[in-house]
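Novice: Structure provided below as structure tokens; questions to follow.
The values are calculated or read from the model by the stated rules, or taken from the named source; none is laboratory data. Since this is a predicted model, take the numbers as computed values, not measurements. Ideal geometry is used to build each Cβ from the backbone, glycine not excepted, and the neighbour counts take in all protein chains shown.
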Amino acid sequence: MTVYLLGSRGPEVLKIQQQLSELQFYSGPPDGVFGGGTDSAVRAFQLSQQLQVDGKVGPGTWGALFNGADVPAPTVTKESLDRQCLALTGGLETDHPPPDCFAGLSGDFDDQGMSFGALQWNIGQGSLQPLLMQMNQNHPDIVGQVFGPNYATFVAMLGETQEEQLVWARSIQDPIRHVLFEPWQGQFKTLGRLREFQDIQAESAAGIFRQALALCNEFGVNSQRAAALLFDIKVQTGGIKSWVKSQILSDFQQLDQSGDGDVPLEVARLRIIATRSAASANPHWVADVQNRKLTIANGEGTVHGNYYHLESQYGISLNSGFR
């Protein structure tokens with residue numbers, strides 16, 4: 001069952017805010033982020049309609065807001081598993097839900113010039129340029145429309161050396177805040193929201209997804225949630241070291257075949273993978289990495305203030321089988 005609540009984000013939340021605003025329950029900016037103001041507005045609306053006052057927009061509250069309509073599931077829940085995993089990790093990387101995670105954009109804060117897309121491909125490592133070049137090669141008319149008068153400059157940049165590309169990227173952003181100047185900021189955001197460029201991002205991430213599935217087979221986990229966890233590990237930390245794999249498999253042997261108490265065996269194994277892989281990260285980031293990985297292993301949690309529920313928000317369940 002789809003439920004929108006504190007920490008939810010996306011176009012459906014924006015629709016809720018707009019309707020609450022029209023009904024004069026919400027006075028904040030409609031931004032697609034279910035924060036405290038939206039929570040208060042939902043509770044006030046529920047009270048006025050004699051509904052259960054819990055701040056959650058499920059079937060009852062959605063139906064009351066929208067003339068009996070069914071609560072819609074996010075569009076990404078209808079996508080293929082690889083696309084869902086990309087959107088989830090993209091959301092964790094950029095703090096934005098789909099489709100905006102595909103348009104995640106940051107400047108030179110890490111000396112990479114510019115990072116863009118769900119997996120933050122960047123100029124400094126040479127990972128972003130191939131995606132931009134492929135988009136321009138496949139869809140020059142669309143790219144031309146997006147960048148308008150800046151299109152010639154954009155194309156010229158793609159033909160320059162990497163050092164020249166870094167200089168260019170730094171020239172179109174604030175050197176202190178590392179935020180791109182307009183109109184470049186808006187133009188790249190527009191590019192990232194296009195299905196054509198999202199397809200290119202998915203193609204670029206396909207190899208990582210296959211490696212994640214191979215790790216699933218290696219560890220004997222076969223749920224959609226397992227694929228999401230191993231994909232996220234591959235993206236964030238590059239994989240799992242051999243000595244960590246040994247620790248994980250050793251921990252597996254200590255588990256009862258039925259799981260860990262009331263926890264299914266699959267979830268117990270995913271928690272071990274999450275905890276062991278996080279422990280091998282940079283000591284400064286272990287707690288943050290572990291929280292992110294356990295959120296995926298458990299199917300829900302809060303990361304950087306954003307609430308994630310894998311099945312209702314992304315369509316990623318504990319069901320077995322990769323599709």
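Novice: Just to be sure before I move on: is Asp232 buried (at least 22 other Cβ atoms within 10 Å of the Cβ) and of a type in the set (Asp, Glu) in the structure I sent?
Specialist: So Asp232 fits the description; yes.
Novice: Continuing with this model, one more query. Name, by its number, the condition in (1) touching an Asp or Glu at 6+ places or on another chain (Cβ under 9 Å); (2) closer than 15 Å to Asp232 by Cα that does not hold for Ala268.
Specialist: Of the numbered conditions (1) touching an Asp or Glu at 6+ places or on another chain (Cβ under 9 Å); (2) closer than 15 Å to Asp232 by Cα, the odd one out for Ala268 is (2).
Novice: Now for a different question. State all residues of the range 125-145 that are of a type in the set (A, V, I, L, M, F, W, C) and part of a helix (DSSP H, G or I); if no residue qualifies, say none.
Specialist: Going through the range 125-145, the residues of a type in the set (A, V, I, L, M, F, W, C) turn out to be 128, 131-133, 135, 142-143.
Passing the criteria: Leu131, Leu132, Met133, Met135, Ile142, Val143.
Novice: Name the pairs: first residue in the range 30-54 and surrounded by 14 or more Cβ atoms within 10 Å (Cβ to Cβ), second residue among the β-branched types (Val, Ile, Thr) and not in a helix (DSSP H, G or I), Cβ to Cβ under 8 Å, at least 6 apart or on different chains?
Specialist: Listed by first residue and then by second, the contacts come to Val42/Val57; Arg43/Val53; Gln46/Val53.
Novice: Still on this structure, I have one more. Quick check on my filter: what residues within the range 292-308 are closer than 22 Å to Pro11 by Cα and more than 12 Å from the chain's Cα centre (by Cα)?
Specialist: The initial filter retains those residues of the range 292-308 that are closer than 22 Å to Pro11 by Cα, namely 299-308.
Gly299, Glu300, Gly301, Thr302, His304, Gly305, listed by residue number.
Novice: Now for a different question. Filter the range 159-198 for residues that are part of a helix (DSSP H, G or I), surrounded by 15 or more Cβ atoms within 10 Å (Cβ to Cβ), touching a helix residue (DSSP H, G or I) at 6+ places or on another chain (Cβ under 9 Å) and not basic (Lys, Arg) and give the result.
Specialist: If the condition is that a residue be part of a helix (DSSP H, G or I), surrounded by 15 or more Cβ atoms within 10 Å (Cβ to Cβ), touching a helix residue (DSSP H, G or I) at 6+ places or on another chain (Cβ under 9 Å) and not basic (Lys, Arg), then Gln165, Leu166, Trp168, Ala169, Trp184, Gln187, Phe188, Thr190, Leu191, Gly192, Phe197, Gln198 are the ones that fit.
Novice: Something else: Checking Val286 against (1) surrounded by 15 or more Cβ atoms within 10 Å (Cβ to Cβ); (2) at pLDDT 95 or above; (3) over 22 Å from Asp82 (Cα atoms): exactly one of these is not met. Which one?
Specialist: It is condition (1) that Val286 fails.
Novice: Looking only at the range 204-229, which residues are of a type in the set (A, V, I, L, M), in a helix (DSSP H, G or I) and either in contact (Cβ under 8 Å) with a residue 24 or more places away in the chain or buried (at least 22 other Cβ atoms within 10 Å of the Cβ) (or both)?
Specialist: Residues of the range 204-229 that are of a type in the set (A, V, I, L, M), as a first pass: 205-206, 208, 212-215, 221, 226-229.
Among the residues that remain, those that are also in a helix (DSSP H, G or I) are: 205-206, 208, 212-215, 226-229.
Matches in the range 204-229: Ala205, Ala206, Ile208, Ala212, Leu213, Leu215, Ala226, Ala227, Ala228, Leu229.
Novice: Can you tell me which of Glu196, Glu218, Glu203 is of a type outside the set (Val, Ile, Thr) and in contact with a His (Cβ under 9 Å, 6 or more places away or on another chain)?
Specialist: Numbers: Glu218 fails: in contact with a His (Cβ under 9 Å, 6 or more places away or on another chain); Glu203 fails: in contact with a His (Cβ under 9 Å, 6 or more places away or on another chain).
None of the other options fit; the residue is Glu196.
Novice: To continue, here is another question. So, of the residues in the range 27-76 that are among the polar types (S, T, N, Q), modelled with pLDDT of 95 or more and part of a helix (DSSP H, G or I), which turns out to be farthest from Gly315 (Cα to Cα)?
Specialist: The qualifying residue farthest from Gly315 (Cα to Cα) is Ser48.
Novice: For a quick check of your reading of the model, give me the residue pairs whose first member lies in the range 120-132 and is at positive phi, whose second is crowded, with 19+ Cβ neighbours inside 10 Å and assigned to a loop (DSSP other than H, G, I, E, B), with beta-carbon atoms closer than 8 Å and at least 6 apart or on different chains.
Specialist: Filtered contacts from the range 120-132: Gln120/Gly104.
Novice: Now, a different point. Identify, from the list Val289, Val244, the residue that is under 30 Å from Val13 (Cα atoms), part of a helix (DSSP H, G or I) and of a type in the set (Val, Ile, Thr).
Specialist: Numbers: Val244 fails: under 30 Å from Val13 (Cα atoms).
Step by step, each of Val289, Val244 is checked, and only Val289 is under 30 Å from Val13 (Cα atoms), part of a helix (DSSP H, G or I) and of a type in the set (Val, Ile, Thr).
Novice: Additional query: Quick one: count up the residues across the range 3-26 that are closer than 22 Å to His304 by Cα and in a loop (DSSP other than H, G, I, E, B).
Specialist: 6
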